[in-house]
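Notes follow once the structure below has been shown.
The values are calculated or read from the model by the stated rules, or taken from the named source; none is laboratory data. This structure is a prediction, so every number in the text was calculated from the model and none was measured. Using ideal geometry, Cβ is built from the backbone for each residue, glycine included, and neighbour counts are taken over all protein chains shown.
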Amino acid sequence: MRRVLDAEWEPTLPALVNLLAASGAPRLRAAFAAAGLDGIRPGQAVALVPLAAGGLHASDLADRLKVSRQAVAQGVVALERHGYVTRAPHPTDARARIIELTSRGRQALRVMRSNALDVEKRWQQVLGEQRFGELRETLVMLLSAEFGA
């Protein structure tokens with residue numbers, strides 16, 4: 001991390017969590033490239049995760065990702081253009097479309113999962129088993145408090 005002029009300044013915990021999460025993007029981009037998956041960025045790939053359990057309407061995907069419907073619409077266009085998702089007719093509403101993963105989208109999810117497990121291994125080596133377990137418990141507790149899950 002860069003030094004700041006004010007020696008008293010410390011990044012907030014949310015800022016540290018965001019920096020840590022963002023630090024994995026270069027490795028994930030490299031993993032996508034190694035798997036022959038082009039046209040997808042780590043920020044876009046997050047939209048694939050809720051689709052793993054099945055297709056969703058764009059508004060439901062936006063709700064699960066905690067983003068605007070407009071953001072989902074823009075992301076889906078790019079993901080569809082590169083073959084990661086498809087939009088299929090809704091089974092009960094002829095006006096609606098369901099966003100579904102393609103085989104390429106499922107491959108991207110497998111790459112993401114493998115990459116995430118590698119990150120966990122590195123973190124466990126740094127922290128040790130006990131502290132790593134405590135970190136996981138703490139993060140789950142914070143997420144539950146934030147989202148009431």
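Numbers below:
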item	result
Total residues in region 84-102, condition in a strand (DSSP E or B) and surrounded by 15 or more Cβ atoms within 10 Å (Cβ to Cβ)	7
Count of residues meeting criterion [of a type outside the set (Lys, Arg), surrounded by fewer than 17 Cβ atoms within 10 Å (Cβ to Cβ) and free of Cβ contacts under 8 Å to residues at least 24 places away in the same chain] in region 51-82	13
Answer residue from region 16-36, given it is loosely packed, with under 12 Cβ neighbours inside 10 Å and part of a loop (DSSP other than H, G, I, E, B) and is modelled with the lowest pLDDT among those	Ser23
Pairs with Cβ under 7 Å, 6+ apart, first in region 95-106 and closer than 19 Å to Arg69 by Cβ, second among the polar types (S, T, N, Q) and modelled with pLDDT of 95 or more	Glu100/Thr86
Qualifying positions in region 40-77 - in contact with a strand residue (DSSP E or B) (Cβ under 7 Å, 6 or more places away or on another chain), over 25 Å from Gly148 (Cβ atoms) and among the aliphatic types (A, V, I, L, M)	Val76
